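Trainee: My structure is below; once you've seen it, I'll send some questions.
The values are calculated or read from the model by the stated rules, or taken from the named source; none is laboratory data. Computed from a prediction, not measured in an experiment: that's the story for all the values here. Here the Cβ positions follow ideal geometry from the backbone for every residue, glycine too, while neighbour counts run over all protein chains shown. Calculation scope for accessible area: heavy atoms of the full protein, side chains included, ligands and nucleic acids excluded. Shrake-Rupley method; radii C 1.70, N 1.55, O 1.52, S 1.80 Å.
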Amino acid sequence: MRESPGRPADQRAASGGGPGVLARVAEPGGKVVEVVAGPDGPELRLSHRDADGPHLSAPVRGLLTASAGRPWRLRPAEPEAVRRCPPPASGNVPDAGAHPASGNASPVPGNVLPASESVPDAGGSVVVTARADGGLSAALELAFTPDGLLTLTTTWRNDSGGPLTDVAAGLLLPLPVQDANVTMPGVLYNDNPSSDPARPVPHIGYVCEEHRLPVPAVNAAWDGRYVSLFAHPKAVRDRDGGVAYGSLGVVRSPGLTVAAMTGVIMFDGDPDVCYVSKAKTERRPVGYRDLAAGETISTRHTLDWGRVEPRGLGFRTLLRTDLYRDEPAAAPLTADEIVRLKTTAMDARWTGDGYHAYEGTRHGRPRSYLYGWTGQCMKLARCDALLGIGQDEPERIERARRAADFYVEGSATPVRGLRHGRYLVDEGRWEMFRKGAEPGWGEFVSSRAHGETIADLAALTLQFRDAGLETPPEWQEAVQDAAAIFWHARLPEGVVPVGWTPMGAPVSPMVGAAGIACVQAMLGAYRLSGERVWLLRAEEVLGHYHRLHAATFERPFAHATLDASGEDKEAGMYFFLAAHEMFRLTGDETYARWAEAAADWLLTFVYVWSPEFGRGSTFERRGFKACGWPAVSVQNHHLDVFFPTSELMEFGRTPGRARYAERAERILLAMGQGVCREPGDWGFGTPGEQGEGFFQTNWQRTGEANTWNPSWVIALPLYHALRMRKAA
C-alpha cells in the first residue's frame, strides 16, 4: 500500500516484524493507533494496550471521501501511502495543514516505514494519503495530544490542474455494528425512537451543520465501548458576510458510519435537505466548496474512545472532554439585574387573580391565566412569594396567596384531583388543554402541566409555612387529591399517562416521560403531610420511569412538550428534578446517580461553544453568544430558557459535583441575553420581556430572536435568579 494501494504493500508489511503493522503511535495513558495489513487491505485500528484486541477496526479505504458535483455522494478515496512521522525536535505535533503531496518541503516529515523496522510506540503521527476521483488528493494525519485525545487533521487539495466546483469532502468512521446508540447532541438520541413517525425529525441518515449541535460531536456506543468524534468548528464567510461551518452526522454506507463533512448536509438519507422549522424540511444545497487549482481545504477533529456500561450512557463521555473555550456574551446581566427586569415584567402581567399568560393580546391569544407548561402562573406566584418574604413586601405575599386561592377555588373538574389548566379572563370560564385534531384527542388534562402546577402549589405552601405564614387547608388538600389520582390513574407500565380525559381515563396508552412532573407532586404531598406512603409511591413511580427511560437510554426522555412529539429537554428535566428531590429527602446515593445521568443528558442540549453569525444579523450586531444556552428538542432546534438552572446549581454543591454548579452559573448568565432593558429593546415595550426563541442555526431565522413571550419566559429566569442570588 505504501507506493500503491495494491496487494504488494500488504504482503511486504506482513513479511517483517511487528506483525503486519505499517505505522503506529501511542500515548502514555495506553491508547494506541495503528495501521495494519488486513485480508482486504490495510486497516486502521484503535485500541488500548491493556485491552484484548482492537477497540475499533476500520478499512483505510473509505476513511476519506470526496465528490464533485451535486448532489454530493459518499465516494471512498483510494489510499496511496501510510507514513509514521517522528515527532519534531520541539516535541510538538507537526502541522499537517499543508499537503504532503506538494512539491514543496513537506510539513509531514519521514518516509514510509519498511516492514522490517520496529515500530515505535510513542510520539509522532501517522499519515495516510489518498486520491479521489476528479483530481482531489488528501492527507489524513493522526496524532495524540498531551491529554490523550487523538487529533485528526485532514487536508484536501485540488490536483486536477484546473478549477473544481461543488466539492464535498469528508472523513468517515465506519462502525462495526448496525444498532449502536448514537448521540448527536440536541438533535439525535438513539435514532429518536419516540418521535411521531408522521412528522419529519432527524433519524439515522442525518448530516447537519456543526452550528446546530450544542456539543459539536457524534458519540456512538456498542458492546461496552464508545467512540466520540468532535469537530473544531471554524467559520467560513462568503463575500456577503454569511457564515458557514462544517457538518457532522451518521449515515448508512452501507453500515452505520459517522461522517464529518466540509459543510454539506443530509436529511433521512437525502442529500441537500435541510430541517428548517418544526417538522418542516426544505431542499437547500449548502456547504459545497469551489477549489482553484492547487487550493486546499483543511479540517481538524478529535477522536476519543474507551469503555462504557451500559452502552446507552455513552453520551456522558461527551461532557468529560474539555475541548471548547468561549468568551461570555457582551455585557451579560447579573443575577440582580435579571431579578429587577424580570420582576418588572411579572408585575405587568398581574391582573388581580393571576398573571397573564401572554402580553396582552398582541399574539392573537385571548387574555388568560395558564397553569404549567408555557403559562407558569403558579411559578410566578412562587416568585412573588420569594420576593415578598425575602424583602418584607406584604403586597407580594398577598398576590401569591390570591393566585393560589383563585386556582384552588375555581379550577376543579368533576373528577377529584384533576383540574382545568387555563382560565379565560374576559369570558370568566375555565377550560382544559386541547391537543390538535388527532383522533382520540380533544380536551384533556395534561399530566406534565398539571403535575408541574401541583408541585409548585406544594412548594408555595411550604414557602408560606417556613415563613410562619398561614396556609389554607384547601391548598394541601388539592395537592393530596392530585397526587392520589396521579397514583391511581396510571398506565399498566406503572407510569403516569401523558394526560387524562375529562372523565379521568388515560387519554392515550403511549408511554412517555411527560408525567414525571407528577412524581414531584407526590413528593410535595409527602413533605406537606409527612405521610410516608407518598414517598414510597413516588419512589416506585420514579423507578418505573428509570427502568423505561434512564437505565439504558434505549428510549430517552420524550413527550413533555405539548406542541411537539419526540425526545425533548423538558422531559429529562423533570426526571432530574424528581431524582434530585428524592436524593435530598432520602440521602440515597442511588438517586444521586440517577440525577447525575439525567443532568448529563440535559447538558448535551447546552451549548459549549458559540457559532458566529452573518453580518448585519441581530446576533452579530449585539454580540450574542450561544455558549451556555440550552436547545429545546429534536424537533425544535432553537434556544430557550426552560432549564432547571438553580436546581443544577444546588446539586453541584453536593460533594464531588462542583462541575454542575459551574455550568449552572454559566447558563444563568447566558440567559440574561435578549432581555428587554428599556422600552423598544429587542422589540418589546416592557422591560424584562424576552423572546421565547433564539435562532442560532439554519432553523427559522438564523441570528435573530422572536417576540413570542409566554409567561414562562419571565417565570423561569426570575425563579432561578432569585434562588441563585440567595445561595450566593
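Trainee: Listed highest first by mean packing, meaning other Cβ atoms within 10 Å per residue, what order do 129-135, 519-525 come in?
Mentor: The packing order, highest mean first, is 519-525, 129-135.
Trainee: Compute the helix-to-body angle for 658-671: its Cα long axis versus the longest principal axis of the chain, expressed 0 to 90° and rounded to tens.
Mentor: So the inclination is approximately 70 degrees.
Trainee: Just to confirm my numbers, what's the Cα centroid distance between the range 576-591 and the range 256-296 in Å?
Mentor: If we compute the Cα centre of each part, the gap is 43 Å.
Trainee: For the range 156-216, report the convex hull volume of the alpha-carbon atoms normalised per residue, in Å³, without decimals. Write out the running numbers ahead of the final one.
Mentor: Values: hull volume 8.9 nm³, N = 61.
That works out to 145 Å³ per residue.
Trainee: Got the relative contact order for the range 679-723 handy, in percent, Cα pairs under 8 Å and 6 or more residues apart?
Mentor: 32
Trainee: Right, next: I'd like the Karplus ³J(HN,Hα) series for the range 227-233: coefficients 6.51, -1.76, 1.60, θ = phi - 60°, whole numbers in Hz, and an x wherever there's a Gly or Pro.
Mentor: 9, 10, 10, 9, 8, 10, x
Trainee: Just add up the charged neighbours of Arg320: K/R +1, D/E -1, any other residue whose Cβ is under 10 Å from the Cβ of Arg320.
Mentor: -1
Trainee: Within the range 631-672, list the residues whose amide N lies under 12 Å from a label point set 7 Å along Cα→Cβ of Ala728.
Mentor: Only 665-670, 672 fall inside the zone, counting backbone N under 12 Å.
Trainee: Could I ask something else about it? Quote the FRET efficiency, to the nearest 0.05, computed for Glu337 versus Gln700 with a Förster distance R0 of 25 Å and r equal to the Cβ-Cβ distance.
Mentor: Efficiency computed from Cβ-Cβ geometry: 0.35.
Trainee: Now for a different question. With θ taken as phi - 60° and the coefficients 6.51, -1.76 and 1.60, list the Karplus ³J(HN,Hα) couplings across the range 722-728 in order, rounded to whole Hz; mark glycine and proline as x.
Mentor: 4, 6, 6, 5, 5, 5, 6
Trainee: Here's another thing I want to ask about it. Given a 1.4 angstrom probe, I'd like the percentage of the accessible area of the range 445-494 that is carbon and sulfur, rounded to a whole number.
Mentor: Carbon and sulfur: 49 percent of the exposed surface of the range 445-494.
Trainee: For the range 497-581, what class follows from the C-alpha gyration tensor (a ≥ b ≥ c being the square roots of its eigenvalues): rounded when a/c is under 1.5, otherwise prolate if a/b is larger than b/c, else oblate?
Mentor: oblate
Trainee: Right, something else. At a 1.4 Å probe, what is the % contribution of carbon and sulfur to the accessible area of the range 357-426?
Mentor: In the range 357-426, the share of accessible area belonging to carbon and sulfur is 47 percent.
Trainee: If you don't mind, another one. Put a dot 7 Å past each Cα toward the Cβ at Glu327 and Thr471; how far apart are the dots in nm?
Mentor: Calculated label separation equals 4.8 nm.
Trainee: Another question about this same structure. Report the convex hull volume per residue for the range 231-329, counting only C-alpha atoms, in Å³.
Mentor: 204
Trainee: Need the C-alpha centroid separation for the range 333-407 versus the range 15-66, integer Å.
Mentor: Computed from Cα coordinates, the inter-centre distance equals 61 Å.
Trainee: Let me ask another. Given only helices, namely DSSP H runs of n ≥ 4 each adding -39500 (n - 2.57), what is the per-residue ellipticity at 222 nm of the chain, to the nearest 500 deg cm²/dmol?
Mentor: Helices in the chain give a 222 nm mean residue ellipticity of -8500 deg cm²/dmol.
Trainee: Apply the Karplus parameterisation 6.51 cos²θ - 1.76 cosθ + 1.60, with θ equal to phi minus 60°, to every residue of the range 584-596 and state each ³J(HN,Hα) to the nearest whole Hz, in sequence, with x for glycine and proline.
Mentor: Working through the residues one at a time gives 5, 7, 10, x, 6, 5, 4, 6, 5, 5, 5, 5, 4 Hz.
Trainee: So, by mean Cβ neighbours within 10 angstrom, what's the order for 446-452, 369-375 with the highest one leading?
Mentor: Packing order, densest peptide first, comes out as 446-452, 369-375.
Trainee: What per residue convex hull volume, in Å³, do the alpha-carbon atoms of the range 669-728 yield? Intermediate results must be reported in sequence, preceding the final value.
Mentor: Numbers: hull volume 5.3 nm³, N = 60.
In the range 669-728, the Cα convex hull volume per residue is 88 Å³.
Trainee: Over the range 492-565, average the accessible area per residue using a 1.4 Å probe and give it in Å², no decimals. Each step should come with its number before you reach the end.
Mentor: On the way: 2470 Å² over 74 residues.
With all protein chains present, the range 492-565 gives 33 Å² per residue.
Trainee: With a 10 Å radius around each residue's Cβ, average the other Cβ atoms per peptide and rank 393-399, 219-225, highest first.
Mentor: 219-225, 393-399
Trainee: Now for a separate question. On a straight-distance basis, which lysines could pair with Lys625 in a cross-link, Cα separation under 27 angstrom, same-chain partners fewer than 8 positions away excluded?
Mentor: Here the lysines satisfying the reach criterion relative to Lys625 are Lys234, Lys278, Lys280, Lys342, Lys569, Lys726.
Trainee: Compute the distance from the alpha-carbon center of the range 166-180 to that of the range 623-683, in whole Å.
Mentor: 33
Trainee: What number comes out for accessible area per residue over the range 582-728 if the probe is 1.4 Å? Units Å², please.
Mentor: About 31 Å² of surface per residue is accessible.
Trainee: Rounded to the nearest 0.05, what FRET efficiency do Thr281 and Arg73 give with R0 = 22 Å and r taken as the Cβ-Cβ distance? Could you check?
Mentor: That pair, Thr281 with Arg73, gives E of 0.65.
Trainee: How much accessible area per residue does the range 150-199 have, in Å², with a 1.4 Å probe?
Mentor: Working: 1470 Å² over 50 residues.
So the range 150-199 comes to 29 Å² accessible per residue, rounded to a whole number.
Trainee: Match the structure shown to one of the listed values (i) -0.28, -0.39, -0.52; (ii) -0.43, -0.59, -0.74; (iii) -0.22, -0.32, -0.44 of log10 I(q)/I(0) by the Debye sum over Cα atoms at q = 0.05, 0.06, 0.07 Å⁻¹, computed from it, and give that label.
Mentor: (i)
Trainee: A further question follows. Ignoring any ligand, DNA or RNA, what whole percent of the accessible area of the range 542-658 comes from carbon and sulfur when the probe is 1.4 angstrom?
Mentor: 47
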